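Only one structure is covered here, and it is reproduced in the block below.
The values are calculated or read from the model by the stated rules, or taken from the named source; none is laboratory data. As the structure is a prediction and not an experimental result, all values here were calculated from the model. As a convention, Cβ positions derive from the backbone with ideal geometry for all residues, glycine included, and neighbour counts pool all protein chains shown.
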Amino acid sequence: MSSILAAVACLVAACGTTTAPPPEPTGPLLAYRAASEIGLVDGTTVVATAPGSFAPSSDPLATEDGRFVFARSSDGGVTVLDVAARTSRAVAMPIDSAIGTGGGSTIVWWEQPNRLMQLDLADPTGQPALRQEIDLPRRAGASDAALLTARNGTVVVARTESEPSPFGGPDTLYAVHGDAEPTSLGTADANTPVASAVLSPDGSRLAYALYRRTSNSCGTAAVVVSDADGSQETYDVAAPNFVTGSQVLDMWWPDGKPMSLSLATWQCETESYYSPLTWQLGDGGLVEGQPRTVALEVAEVVPGQRALIVPKVGVAPEPSGTVVIEDSGRRFPLGPPAVDAIAVVGP
């Protein structure tokens with residue numbers, strides 16, 4: 001009799017083989033990438049995580065449809081977190097490139113010498129596939145091309161086409177819209193490679209940061225904004241001099257919002273760093289973000305509530321910090337340390 005009762009109990013409970021669907025979120029979710037995990041936050045509660053080893057990068061954090069959060073793992077492959085199901089998986093594949101998004105749930109990356117690869121994260125059995133071949137103009141002595149960023153059908157790649165400076169630059173940039181031929185965006189006016197670049201949500205505008213190094217401990221920042229018609233504007237975010245250094249630490253361009261960045265400044269001789277402030281692209285150029293905010297990145301979760309990556313202040317700018325939720329002037333720390341990217345996903 002006891003065995004029959006146990007069998008009935010097992011049937012009623014499904015012997016633990018079924019799991020209840022995750023609860024509906026209270027609103028938009030916040031995704032984050034930390035050194036040891038990627039995760040999702042509902043309100044002020046971490047509701048899902050995927051472990052891994054992730055280095056700071058300018059890669060996007062979520063697919064364009066908001067269904068998946070992803071990150072390159074330092075030991076190879078991509079870790080994927082399903083936003084709705086709150087489940088994760090690791091996709092083992094060699095990726096020696098920045099990652100961009102290619103519409104929907106698709107991510108893209110570069111394989112030498114000219115292959116743009118893609119993977120649809122919505123297909124659990126999907127395999128990397130060739131998206132297109134991109135042939136840049138032949139230039140004697142040019143370096144291998146590298147993916148800077150990709151979004152909504154636009155791909156931006158860079159390579160060095162002249163004798164490089166001691167610091168590695170300058171880069172020459174090319175934009176590819178869909179299947180069109182590459183369009184040259186010119187050579188970056190800097191003696192270091194372009195380290196950070198971001199496309200507008202519709203893929204029609206590009207912003208990238210320059211760092212003009214003047215010594216081993218100093219240099220000044222500038223931001224270039226390029227439109228679809230090829231026109232460009234360069235904005236010096238700090239007065240060029242040999243006393244005060246400046247560098248863009250991060251850039252982001254959320255849906256329906258202006259392009260934003262965080263900028264660190266310091267005294268060159270003493271290497272005394274100031275806390276990084278957020279800036280935005282306005283009609284007449286770059287303006288300091290309002291309210292005045294010290295952060296590596298800021299994301300508005302809902303009106304009146306935003307998430308910030310607060311850096312550790314020291315003698316050198318840190319690429320990561322602690323995530324806090326700011327609501328009505330109060331701040332609630334959450335998640336692990338060493339977070340370098342955040343994004344709003346979900347409804």
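Step by step: first the residues of segment 290-347, then only those that are assigned to a strand (DSSP E or B) and among the polar types (S, T, N, Q), then the one that is surrounded by the most Cβ atoms within 10 Å (Cβ to Cβ). Which residue is that? It would help to see each step written out before you state the result.
To start, the set of residues in segment 290-347 that are assigned to a strand (DSSP E or B) comprises 294, 297-302, 305-311, 321-327, 330-345.
Cutting the leftovers down to among the polar types (S, T, N, Q) gives us 305, 322.
Details: 305: 17, 322: 19.
My answer is 322.
For segment 243-279, name all the residues that are modelled with pLDDT of 90 or more and charged (D, E, K, R).
Residues satisfying the conditions are 250, 255, 257.
Can you find a residue in segment 248-267 that is in a loop (DSSP other than H, G, I, E, B) and farther than 19 Å from residue 202 by Cβ?
If we filter segment 248-267 for residues that are in a loop (DSSP other than H, G, I, E, B), which is where we start, we get 253-259.
Narrowing further to those that are farther than 19 Å from residue 202 by Cβ: none.
No, the conditions are met nowhere in segment 248-267.
Return a yes/no flag: does segment 92-101 have any residue that is touching a strand residue (DSSP E or B) at 6+ places or on another chain (Cβ under 7 Å), more than 21 Å from residue 251 (Cα to Cα) and in contact (Cβ under 8 Å) with a residue 40 or more places away in the chain.
Looking for residues that are touching a strand residue (DSSP E or B) at 6+ places or on another chain (Cβ under 7 Å), more than 21 Å from residue 251 (Cα to Cα) and in contact (Cβ under 8 Å) with a residue 40 or more places away in the chain, one finds none in segment 92-101, hence no.
So that you can scan it fast, the table gives a plain yes or no per residue for (1) part of a loop (DSSP other than H, G, I, E, B); (2) crowded, with 21+ Cβ neighbours inside 10 Å; (3) among the aromatic types (Phe, Trp, Tyr):
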| site | (1), (2), (3) |
| --- | --- |
| 144 | yes, no, no |
| 149 | no, yes, no |
| 157 | no, yes, no |
| 166 | yes, no, no |
| 180 | yes, no, no |
| 229 | yes, no, no |
| 234 | no, no, no |
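Given the residues 71, 50, 85, which is the only one that is under 19 Å from residue 321 (Cβ atoms) and hydrophobic (A, V, I, L, M, F, W, C)?
Working: 50 fails: under 19 Å from residue 321 (Cβ atoms); 85 fails: under 19 Å from residue 321 (Cβ atoms).
Only one candidate qualifies: 71.
So, residue 101, is that one more than 18 Å from residue 197 (Cβ to Cβ) and among the polar types (S, T, N, Q) or not? Before you say what the answer is, go through the steps one by one.
On the way: more than 18 Å from residue 197 (Cβ to Cβ): no; among the polar types (S, T, N, Q): yes.
Here the answer is no, as residue 101 does not meet what is asked.
Can you spot a residue in segment 189-209 that is in a strand (DSSP E or B), under 17 Å from residue 165 (Cβ atoms) and of a type in the set (D, E, K, R)?
No, segment 189-209 contains no residue that is in a strand (DSSP E or B), under 17 Å from residue 165 (Cβ atoms) and of a type in the set (D, E, K, R).
Take the residues of segment 58-83 that are at pLDDT below 95 and of a type outside the set (Asp, Glu): which is farthest from residue 29 (Cα to Cα)?
Of all residues in segment 58-83, those at pLDDT below 95 come to 58, 73-77.
Pick out the ones that are also of a type outside the set (Asp, Glu) and you get 58, 73-74, 76-77.
Values: 58: 20, 73: 22, 74: 25, 76: 27, 77: 25 Å.
Selected residue: 76.
Residue check: is residue 126 at pLDDT below 95 and buried (at least 20 other Cβ atoms within 10 Å of the Cβ)? Even if it seems obvious, please write down each step before you answer.
Details: at pLDDT below 95: yes; buried (at least 20 other Cβ atoms within 10 Å of the Cβ): no.
In short, no.
Search segment 287-298 for residues that are more than 18 Å from residue 330 (Cβ to Cβ) and pair each with any residue that is outside any loop (DSSP other than H, G, I, E, B) and among the hydroxyl-bearing types (Ser, Thr, Tyr) when their beta-carbon atoms are under 7 Å apart and the residues are at least 6 apart or on different chains.
Close Cβ pairs satisfying both conditions: 289/260; 289/278; 296/262; 297/262.
Does residue 240 satisfy being in a loop (DSSP other than H, G, I, E, B), touching a strand residue (DSSP E or B) at 6+ places or on another chain (Cβ under 8 Å) and at pLDDT 95 or above?
On the way: in a loop (DSSP other than H, G, I, E, B): yes; touching a strand residue (DSSP E or B) at 6+ places or on another chain (Cβ under 8 Å): yes; at pLDDT 95 or above: no.
Here the answer is no, as residue 240 does not meet what is asked.
Check 249, 199 and return the single one that is under 22 Å from residue 308 (Cβ atoms), within 22 Å of the chain's Cα centre (by Cα) and surrounded by 21 or more Cβ atoms within 10 Å (Cβ to Cβ).
Numbers: 199 fails: under 22 Å from residue 308 (Cβ atoms).
Criteria check complete, one pass: 249.
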